[in-house]
1. Is it the case, given these coordinates, that Arg128 is open to solvent by 40 Å² or more (accessible area, probe 1.4 Å) and free of Cβ contacts under 8 Å to residues at least 40 places away in the same chain?
2. Can you pull out every residue in region 25-52 that is open to solvent by less than 20 Å² (accessible area, probe 1.4 Å) and hydrophobic (A, V, I, L, M, F, W, C)?
3. What tally of residues in region 81-106 results from selecting those that are among the charged types (D, E, K, R) and modelled with pLDDT of 95 or more?
4. For region 242-256, state whether one or more residues are in a helix (DSSP H, G or I) and either among the charged types (D, E, K, R) or modelled with pLDDT under 90 (or both).
5. Please work out which one of (1) open to solvent by 20 Å² or more (accessible area, probe 1.4 Å); (2) in contact with a Ser or Thr (Cβ under 9 Å, 6 or more places away or on another chain); (3) more than 20 Å from Trp173 (Cβ to Cβ) is the condition Gly56 fails and give its number.
6. Sort out which residues of region 132-152 are touching a helix residue (DSSP H, G or I) at 6+ places or on another chain (Cβ under 8 Å) and within 14 Å of Ala194 (Cβ to Cβ), and write them in order of number.
7. Under 14 Å from the mean Cα position of the chain (by Cα) and among the β-branched types (Val, Ile, Thr): which single residue out of Thr149, Thr154, Thr78 fits that description?
8. Answer with yes or no whether Gly91 is on the phi > 0 side of the Ramachandran plot and not hydroxyl-bearing (Ser, Thr, Tyr).
Amino acid sequence: MEPVLVSLLRPFAPLRFLSVRSAFAGVPRPNDEPRALVAGPDPLKLLLLGTDAATGWGVRSHALALPGQLARELGAATGRGVTVDLVTRPGIRLSGLSELVAGRDLRGYDAVLVVGGLYDAALLVRERTWRLEMGDLLARLSNATLESTPIVVTGLAPVSSLAGSPQPGQRTWDDWASRLDSVTADLCAVSANAHHLPMAEAVGEVTELNQPDRFRSPAQYRCLARRKARCLAELLEPTGRRSIAGVSRGEPEALAVP
């Protein structure tokens, strides 16, 4: 059963969501090719699918945003070349991410990283809706990739970490984001190739790097990329997949996400 306060606040959530969206007005974001390259042997190819931090708000180039930082961090962790392809659309919900990959053949990618869902949390989307839409996204990605391709889903950050996020009652929003994130972890736990990467620790580190004169800095994107790269590097080791501290993963014999 969901908290009574969430039910009472949900009709007003779209107004709060608009305040979050308005905070992004005028904030720069990259307008160059949504791809990052790091030269090296035996190159890896990564699909970065998402919104929120994946969009690159606050910087003008994807080289300084998450794709570039992720390519460099993953290249340093593996000693291999890295190509990161970004598929994004600013301001969309989780269901929109499923639409972005509909009909795509993703078998050429070594791994998929999913970043998104904060807008859903800001809207206090129902838990059942989130479960269905996240399940659909994981199923689409699993069907479009090779069986051995890891799919890493980044955990939800607190809604209060968004610029323009609701201040009165913000704990309700943050608690709801945590609850939705628990659903994601459960879905990944019964998937053969999906992994849930909690982000609470990384968000704290990013917050410490806040600069009053800018939305988000390259240093913050580097911080966000570092933990993701460590997770991906371990999953992509030639010796095979293994358990990662702090990361929920499915067992090989588990059924695919329903």
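The values are calculated or read from the model by the stated rules, or taken from the named source; none is laboratory data. In this text, all values refer to a predicted model and were calculated from it rather than measured experimentally. We place every Cβ from the backbone using ideal geometry, glycine too, and count neighbours over all the protein chains shown. Just the protein is used for accessible areas: all its heavy atoms, side chains included, with ligands, DNA and RNA removed. Shrake-Rupley method; radii C 1.70, N 1.55, O 1.52, S 1.80 Å.
1. yes
2. Listed by number, the residues that qualify are Ala36, Leu44, Leu46, Leu47, Leu48, Leu49.
3. 1
4. No, every residue in region 242-256 fails to be in a helix (DSSP H, G or I) and either among the charged types (D, E, K, R) or modelled with pLDDT under 90 (or both).
5. Going through the list (1) open to solvent by 20 Å² or more (accessible area, probe 1.4 Å); (2) in contact with a Ser or Thr (Cβ under 9 Å, 6 or more places away or on another chain); (3) more than 20 Å from Trp173 (Cβ to Cβ), Gly56 breaks only (1).
6. Met134, Gly135, Asp136, Leu137, Leu138, Arg140, Leu141, Ala144, Pro150, Ile151, Val152
7. Being under 14 Å from the mean Cα position of the chain (by Cα) and among the β-branched types (Val, Ile, Thr) holds for just one of Thr149, Thr154, Thr78, which is Thr154.
8. Yes.
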